[in-house]
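Reading through the C-alpha cells given below for one structure.
What follows draws every value from the coordinates through simple rules; no lab data is involved. Predicted model, so just to flag it, every value in this text is computed and none were measured. All Cβ positions, even for glycine, are placed from backbone atoms using ideal geometry, and neighbour counts span all protein chains on display.
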Amino acid sequence: SAGGTAKQGRNRMFQAILPLRGKILNVEKAMYHKALESDEIRNIYTALGVTIGTDEDSKEANIEKLRYHKIIIMTDADVDGSHIDTLIMTFFFRYMPQIIQNGYLYIATPPLYLCKKGKVEEYCWTDAQRQKFIDTYGGGSENAVHTQRYKGLGEMNAQQLWETTMDPENRMLKQVNIDNAAEADYVFSMLMGEDVGPRREFIEENATYANIDA
C-alpha cells in the first residue's frame with residue numbers, strides 16, 4: 001500500500017522499490033512448482049536478477065548476476081507486517097539462502113510514534129523513546145504532548161518515509177543472519193509448515209513474551 005509513496009521518497013540514484021501486494025505465498029507449505037507459479041515470487045527473482053532452475057533437483061538460485069547487495073524488507077510495524085516479514089524471510093531461507101549467508105538481507109524498522117510538543121518533533125522507534133520525550137518535554141504527562149501512532153507505512157508521506165525509514169543517514173535496519181542453519185531449518189519448518197502440534201506448543205510456551213500490537 002505504501003509502494004507509491006516509497007517510490008516518490010526514494011533516492012533514484014541507488015534505491016529501487018518492488019511493491020508486493022499483501023502477503024506472498026508461504027513456500028514452506030507449497031510445492032516448488034507452485035511457488036514458481038506465483039507472480040509475486042517470480043517478480044522478486046526478476047527484480048533481483050537471480051536465475052533459478054525449473055525443477056526440484058535444480059532449484060538452488062544462481063546469484064552471480066544479483067543486482068543488489070542490500071535487500072530491505074519494508075513492512076508496517078504491526079502484526080500483519082511481522083507476518084509478511086516472516087513469509088519473505090522463509091522464501092529467502094528456502095530458495096535463496098546465499099542472500100542471507102552473504103549478509104544481503106535486512107528488515108527496515110519504521111518508527112512507532114511521532115511525538116510533538118510545540119515546535120519540537122521527534123520520531124520514536126520504541127516506547128522507551130516515547131516515554132523519554134514525554135518526560136523531557138511534557139513533564140511526565142502524556143496529555144501534555146501530542147503522540148501520533150504510526151500503524152502503517154501508508155500513513156506517512158514521501159518525505160516522512162524517507163526521513164525515518166529509507167535515508168541511510170537515519171534509518172534503522174536489522175540484518176538477517178543464520179547462526180545455526182540446522183536450528184533455523186527446524187524453526188522455519190515448525191512455525192511455517194503443516195504440522196500444527198509443535199507450533200501450538202511453541203506459541204503456548206512463548207505467548208507471554210509476545211509483543212502484540214492491538
With a point put 7 Å past each Cα toward its Cβ, work out how far Asn62 is from Gln159 in nm, to one decimal. 4.7 nm
Quick calc: nm separation of the 7 Å Cα→Cβ label points for Gln129 and Arg42 -> 4.0 nm
So, by mean Cβ neighbours within 10 angstrom, what's the order for 161-172, 105-116 with the highest one leading? 105-116, 161-172
By average C-beta atoms within 10 angstrom, highest first, the peptides 64-71, 151-158: 151-158, 64-71
How far apart, in nm, are two points set 7 Å out from the Cα along the Cα-to-Cβ line at Leu173 and at Phe14? 0.9 nm
Dividing the mean separation of Cα pairs under 8 Å (6+ apart) by the residue count of the range 1-145 yields a relative contact order in percent of 16 percent
